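Notes for the one structure printed next.
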């Protein structure tokens with residue numbers, strides 16, 4: 001073993017010296033954004049944006065995904081939560097100390113985890129490491145994401 | 001490291017084949033304001049970002065853009081895959097077919113191959129971020145032009161989604177640039 005937690009070559013504190021968050025005082029920056037500035041997960045996903053104050057539509061183009069099958073319903077939720085986490089992720093890259101968004105990120109990632117487990121069990125792996133089947137390498141199974149009607 | 005996840009960022013199920021839109025949409029794969037250039041731009045520029053915010057943001061947006069490359073290619077593939085030779089001829093896609101059959105090659109809508117000359121990597125974070133802001137705006141405008149050219153909702157929904165991503169990426173790059181200027185980088 002090259003390093004253990006006790007003997008970690010990269011000390012966490014070293015990183016803090018790179019810059020100090022106390023310096024980060026810019027008037028227009030809102031560190032603790034309230035959750036009511038955010039869309040609910042599915043609405044944000046439909047819009048392609050979780051943040052109400054940055055959403056800007058083109059002409060009258062607004063779309064809402066329709067789902068018919070159980071598989072699509074589960075996939076839709078999975079994609080919606082993956083998307084919400086992605087959008088919060090980009091926000092947190094700039095505002096890493098926003099406690100409200102951090103706790104929301106935590107909440108959504110737990111939901112995504114359980115959606116993923118359910119999906120993998122019913123419809124197959126999302127990543128190669130999800131393959132648990134001992135009879136067949138199910139990673140290769142159709143549909144692939146670009147297959148028409150596959151959606152996944 | 002990169003790991004593949006077997007799902008699109010946003011679902012795509014194109015209802016009807018449309019060779020004209022396939023030819024136009026390929027612009028956002030291999031054109032100057034396309035997603036391939038976007039992903040390469042950020043994933044290249046990130047090595048000279050001066051702090052952890054920049055390293056993270058360019059990595060994360062760069063990865064998302066790779067997902068957008070996949071979405072655009074999926075749309076093009078679904079629009080063209082069932083075309084007959086006669087249909088390809090009718091829409092002047094003989095040169096596409098000659099070089100690529102129905103393959104999705106990184107080129108613009110005129111068939112000009114992708115080039116790394118579409119992106120900049122100056123090593124200067126302020127200059128690179130200014131380029132990134134312009135790139136997001138150019139991509140947004142291109143999506144709007146494409147949306148003007150179709151009535152197919154199964155195309156419009158993902159295009160609208162992708163356009164909105166340009167809006168949010170612009171916003172984040174703008175915040176990072178503002179922060180870097182304050183910090184004096």
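The values are calculated or read from the model by the stated rules, or taken from the named source; none is laboratory data. Predicted model, so just to flag it, every value in this text is computed and none were measured. Methodologically, a virtual Cβ is constructed for each residue, glycine included, from the backbone with ideal geometry; neighbour enumeration extends over all protein chains shown.
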Among the residues of the stretch B:1-13, is there at least one that is touching a strand residue (DSSP E or B) at 6+ places or on another chain (Cβ under 7 Å) and under 19 Å from residue B:146 (Cβ atoms)?
no
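Inside the stretch A:63-111, can you point out the residues that are exposed (fewer than 14 other Cβ atoms within 10 Å of the Cβ), in a helix (DSSP H, G or I) and either within 12 Å of another protein chain (Cβ to nearest Cβ) or in contact with a helix residue (DSSP H, G or I) (Cβ under 6 Å, 6 or more places away or on another chain) (or both)?
Within the stretch A:63-111, the first condition is being exposed (fewer than 14 other Cβ atoms within 10 Å of the Cβ), and the residues that meet it are A:64, A:66, A:68-70, A:73, A:97, A:99, A:103, A:106-107, A:110.
Subsequent filtering for residues that are in a helix (DSSP H, G or I) retains A:70, A:73, A:99, A:103, A:106-107, A:110.
Result: A:73, single match.
For residue B:114, indicate whether it is within 14 Å of chain A (Cβ to nearest Cβ), in contact with a strand residue (DSSP E or B) (Cβ under 8 Å, 6 or more places away or on another chain) and crowded, with 18+ Cβ neighbours inside 10 Å. First the steps, then the outcome.
Working: within 14 Å of chain A (Cβ to nearest Cβ): no; in contact with a strand residue (DSSP E or B) (Cβ under 8 Å, 6 or more places away or on another chain): yes; crowded, with 18+ Cβ neighbours inside 10 Å: yes.
Here the answer is no, as residue B:114 does not meet what is asked.
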The one condition residue B:147 fails out of (1) exposed (fewer than 14 other Cβ atoms within 10 Å of the Cβ); (2) under 24 Å from residue A:52 (Cβ atoms) is (1)
Residue set B:138, B:181, B:89; condition facing chain A (nearest Cβ under 10 Å), surrounded by fewer than 20 Cβ atoms within 10 Å (Cβ to Cβ) and assigned to a helix (DSSP H, G or I); output residue B:181
Selection over the stretch B:141-178 where residues are more than 27 Å from residue A:93 (Cβ to Cβ), more than 8 Å from chain A (Cβ to nearest Cβ) and over 13 Å from the mean Cα position of the chain (by Cα) yields a count of 8
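From the list A:8, A:32, pick out the single residue that is surrounded by fewer than 14 Cβ atoms within 10 Å (Cβ to Cβ), part of a loop (DSSP other than H, G, I, E, B), more than 8 Å from every other protein chain (Cβ to nearest Cβ) and at pLDDT below 50.
Numbers: A:32 fails: at pLDDT below 50.
Residue meeting the stated conditions: A:8.
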Picking from A:147, A:130, A:87, the residue that is in contact with a strand residue (DSSP E or B) (Cβ under 8 Å, 6 or more places away or on another chain) and under 20 Å from residue B:6 (Cα atoms) would be A:87
Per the list (1) under 23 Å from residue A:143 (Cα atoms); (2) in contact with a helix residue (DSSP H, G or I) (Cβ under 7 Å, 6 or more places away or on another chain); (3) crowded, with 21+ Cβ neighbours inside 10 Å, residue check on residue B:78 breaks on (2)
